[in-house]
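Asks: Handing you a structure now.
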Amino acid sequence: MKLCSPTVVRCSKTRPFIAAKRFMSSTKLPQQFPFETSNGEHYWAQHPNAHYQKADADAFKGLTFAEQSKLPSLPVPDLKSTMAKYLHSIKPYCHNATEWENQSLLSKDFLENMGPVLQSRLETFAKDKRNWLSSFWDNQAYLQYNDPIIPYVSYFYVHDKLPTTHLQIERDPLLKSTAIISTVVKFIESLKREAIPAEIIKESPFCMNSFQLMFNTARIPGNPQDDRDTNIFYSIYENNFMVVAFRGQFYKLSTHSEDNVPLPLNAIWKQLYSIVNDSSAAPATQGIGSLTSLPRDQWRTAHAELIKDPSSRESLELIHRASFILCLDTQVKPITLEEKSRNAWHGDGINRFYDKSLQFFVTGNGSSSFLAEHSKMDGTPTLFLNTYVCQQMAKLNPEQFIKGTLSPSTAFESTTKPLPFLITPTIKSQIESAQNQFQVQINQHDLKVWHYNRYGKNFIKSHGMSPDAFIQQVIQLAIYKYLGRQLPTYEAASTRKYFKGRTEAGRSVSPASQAFVQSWDSPTKSTVEKIALLKLSAKEHSNYMKDAANGMAIDRHLFGLKNMLQPEDVKPELFKDPTFNYSSTWLVSTSQLSSEYFEGYGWSEVNDNGVGLAYMLNKDWLHINIVCKPEFSLFNVQKMHYYLSEAADEIADALIQVEKQAKL
């Protein structure tokens with residue numbers, strides 16, 4: 001994900017309300033209710049959530065959000081501590097004593113002058129907020145970001161194949177889609193009952209806010225004159241349907257009966273069958289979803305034109321209200337890991353609606369995957385959802401599932417028709433422009449998957465290292481082997497132990513990592529010494545990531561301080577310093593989300609000059625999705641793949657050698 005430049009944002013509380021209301025088509029407008037967890041967001045409904053929870057009080061568990069009120073507020077780090085960590089982190093970028101002395105003087109000047117002023121403002125700003133970062137981050141990192149969200153913002157998972165016992169389900173796209181839809185509906189029903197317990201990690205409850213913001217929602221463009229998007233949320237209890245995308249058309253698919261009971265498998269399958277055999281779809285309407293691939297300012301203009309027509313406005317509203325989207329990509333049959341990753345990441349740019357928070361995909365050979373719009377959700381909640389979906393599908397009794405899905409039934413009549421959109425000449429031109437721009441963006445990107453089967457977490461742990469810290473050392477060594485130097489490297493750390501916590505930046509380059517990579521090929525260092533430096537670097541990385549998870553790293557703090565600048569302030573020299581800015585120019589962007597049920601995970605590079613490395617750490621294998629723009633960057637995905645293998649092999653060989661020596 002690319003980050004826009006941090007600037008102070010002052011958003012009117014009424015703007016999301018106005019932006020949402022302007023395209024609502026109902027004559028009887030629903031009301032706007034605040035979420036019960038006081039997260040600052042609102043949802044549209046005829047009745048508040050409590051109305052439905054009380055009506056089904058016997059089934060309601062109240063577990064999912066039970067810990068929200070007890071979560072601590074996001075802290076503001078100590079300024080001196082942040083600057084000390086900052087200076088430590090930039091040592092590898094200082095080539096001599098003079099450069100280091102200059103950096104120390106800049107830090108000292110900041111600490112003695114403008115730093116305390118900005119710190120005091122930030123502490124005052126944070127006093128009445130449970131998460132002082134939230135509005136700054138949501139707006140500046142996402143909702144004000146203008147580049148297309150595909151390929152630059154959303155992230156994907158590729159589901160692993162089902163067991164061979166489930167081969168008929170795995171290979172049939174309608175059976176696979178029925179399994180996914182019915183399983184996601186079970187998850188939604190658990191959310192309605194709040195039966196999913198709050199996550200507890202190392203005795204600390206984690207914020208479940210994103211679980212409120214996953215379903216029945218979408219990112220929506222603002223007015224053409226706006227510089228930001230917004231999000232809209234609808235009642236999870238009142239909108240018991242989802243949307244299927246097929247050949248660029250969108251279809252409403254009911255998931256519940258009129259009395260709000262989940263439909264049987266056959267009723268889901270029958271609607272899917274009706275969709276793929278629909279002969280009424282007008283080709284002229286194909287491609288509305290392409291508009292969501294535009295740069296956001298262009299999409300706002302196209303959106304304003306599109307909603308002039310009542311039927312188009314109603315269709316958009318229905319897509320936004322839907323629980324989620326499933327895209328049937330029956331025309332493609334991806335085989336390789338790269339083909340599967342590309343279909344999940346961006347697809348054809350037509351049979352998609354990228355503004356939707358949750359999109360599942362099923363291809364012609366049954367391969368399934370998922371894409372998340374990032375503006376209100378980070379990876380761990382969607383990881384939880386997709387792991388659940390894959391687990392439950394693997395547990396299905398294939399014979400019973402297929403019989404229940406294909407058995408004739410007259411209990412539910414399917415009448416599926418594509419949602420109507422009026423395609424004016426202006427809209428047609430905007431769709432063509434969107435599709436052309438999409439192809440240009442996608443063609444600029446290379447993607448290769450490093451799937452490493454020699455070892456995984458079990459091997460790493462047996463040598464006394466954190467798997468996450470270990471793979472960061474593999475990455476650092478591979479980069480050094482490739483380029484002969486280290487580059488600013490970002491790793492996402494979750495701050496969900498705090499209310500509305502999202503992420504903090506981990507800095508993978510450190511003096512310890514510098515010593516490790518520079519010594520690795522040294523003929524004067526023994527293998528024992530090299531492994532000692534590896535483990536020291538891994539330990540320092542783990543310690544920094546712990547600080548980050550505790551809200552005590554440096555990048556979000558510095559981001560907050562920048563947001564405290566007033567127009568009349570003189571910008572601190574530190575903020576103008578090339579080394580300061582280079583150290584947070586994420587030329588290597590990394591993040592881990594792991595599941596034994598996935599065979600792919602990824603997103604784009606953060607910086608055009610850099611590379612994106614999304615990785616999974618599984619019991620017996622490692623996996624990195626490598627993405628870059630070769631025309632603009634320092635990187636070639638083939639060479640990066642080679643150096644990752646070389647680094648991983650050499651480190652393993654050295655660990656085994658040292659272990660054998662220790663046993664002699």
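Asks: Run K403 past the list (1) surrounded by fewer than 23 Cβ atoms within 10 Å (Cβ to Cβ); (2) of a type in the set (D, E, K, R); (3) touching a strand residue (DSSP E or B) at 6+ places or on another chain (Cβ under 8 Å) and report the number of the one that doesn't hold.
Replies: (3)
Asks: Going through the range 420-434 one residue at a time, which ones are aliphatic (A, V, I, L, M) and either within 12 Å of S290 (Cα to Cα) or part of a helix (DSSP H, G or I) (or both)?
Replies: Going residue by residue through the range 420-434, those that are aliphatic (A, V, I, L, M) are 422-423, 427, 431, 434.
Those that are aliphatic (A, V, I, L, M) and either within 12 Å of S290 (Cα to Cα) or part of a helix (DSSP H, G or I) (or both): I427, I431, A434.
Asks: Could you tell me which numbered condition A662 fails, if it satisfies all but one of (1) outside any helix (DSSP H, G or I); (2) more than 22 Å from S508 (Cβ to Cβ); (3) among the hydrophobic types (A, V, I, L, M, F, W, C)?
Replies: Condition (1) is where A662 drops out.
Asks: Count, please, the residues in the range 497-508 that happen to be closer than 15 Å to M552 by Cβ and either in a loop (DSSP other than H, G, I, E, B) or among the aliphatic types (A, V, I, L, M) (or both).
Replies: Within the range 497-508, residues that are closer than 15 Å to M552 by Cβ and either in a loop (DSSP other than H, G, I, E, B) or among the aliphatic types (A, V, I, L, M) (or both) number 4.
Asks: If we keep just the residues of the range 374-392 that are farther than 19 Å from I181 by Cβ and touching a strand residue (DSSP E or B) at 6+ places or on another chain (Cβ under 7 Å), which is surrounded by the fewest Cβ atoms within 10 Å (Cβ to Cβ)?
Replies: T380
Asks: While we're on this one: Are any of the residues in the range 648-659 touching an Asp or Glu at 6+ places or on another chain (Cβ under 8 Å) and either not in a helix (DSSP H, G or I) or not assigned by TED's automatic domain parsing to the domain that holds L385 (or both)?
Replies: No, every residue in the range 648-659 fails to be touching an Asp or Glu at 6+ places or on another chain (Cβ under 8 Å) and either not in a helix (DSSP H, G or I) or not assigned by TED's automatic domain parsing to the domain that holds L385 (or both).
Asks: Looking at Q486, Q437, Q476, Q441, can you tell me which residue is assigned to a helix (DSSP H, G or I), over 19 Å from the mean Cα position of the chain (by Cα) and over 30 Å from P295 (Cα atoms)? Walk me through it before giving the result.
Replies: On the way: Q486 fails: assigned to a helix (DSSP H, G or I); Q437 fails: over 30 Å from P295 (Cα atoms); Q441 fails: over 30 Å from P295 (Cα atoms).
Q476 is the lone residue from the list that is assigned to a helix (DSSP H, G or I), over 19 Å from the mean Cα position of the chain (by Cα) and over 30 Å from P295 (Cα atoms).
Asks: Also, quick follow-up: Identify the residue in the range 571-599 that is among the charged types (D, E, K, R) and not in a loop (DSSP other than H, G, I, E, B) and, among all such residues, is nearest to the chain's Cα centre (by Cα).
Replies: Filtering the range 571-599 for residues that are among the charged types (D, E, K, R) and not in a loop (DSSP other than H, G, I, E, B), the one nearest to the chain's Cα centre (by Cα) comes out as E599.
Asks: Still on this model: For the range 429-448, give me the residue count where each residue is exposed (fewer than 15 other Cβ atoms within 10 Å of the Cβ) and either among the hydrophobic types (A, V, I, L, M, F, W, C) or modelled with pLDDT under 95 (or both).
Replies: The number of residues fulfilling the criteria is 1.
Asks: Taking the condition over 16 Å from V244 (Cα atoms) and either surrounded by 15 or more Cβ atoms within 10 Å (Cβ to Cβ) or not aromatic (F, W, Y) (or both), does T416 pass?
Replies: Criteria not met by T416.
Asks: Considering only residues that are over 18 Å from L593 (Cα atoms), small (G, A, S) and touching a Leu at 6+ places or on another chain (Cβ under 7 Å), which ones fall in the range 434-486?
Replies: A434, A478
Asks: While we're here: Of a type in the set (D, E, K, R), out of contact with any Lys or Arg (no Cβ under 8 Å at 6 or more places or on another chain) and at pLDDT 95 or above: is that true of K530 in this structure?
Replies: Yes.
The values are calculated or read from the model by the stated rules, or taken from the named source; none is laboratory data. Fair warning: this is a prediction, and the values are worked out from it, not measured in the lab. Glycine gets a Cβ as well: all are built from the backbone with ideal geometry, and neighbour counts include every protein chain shown.
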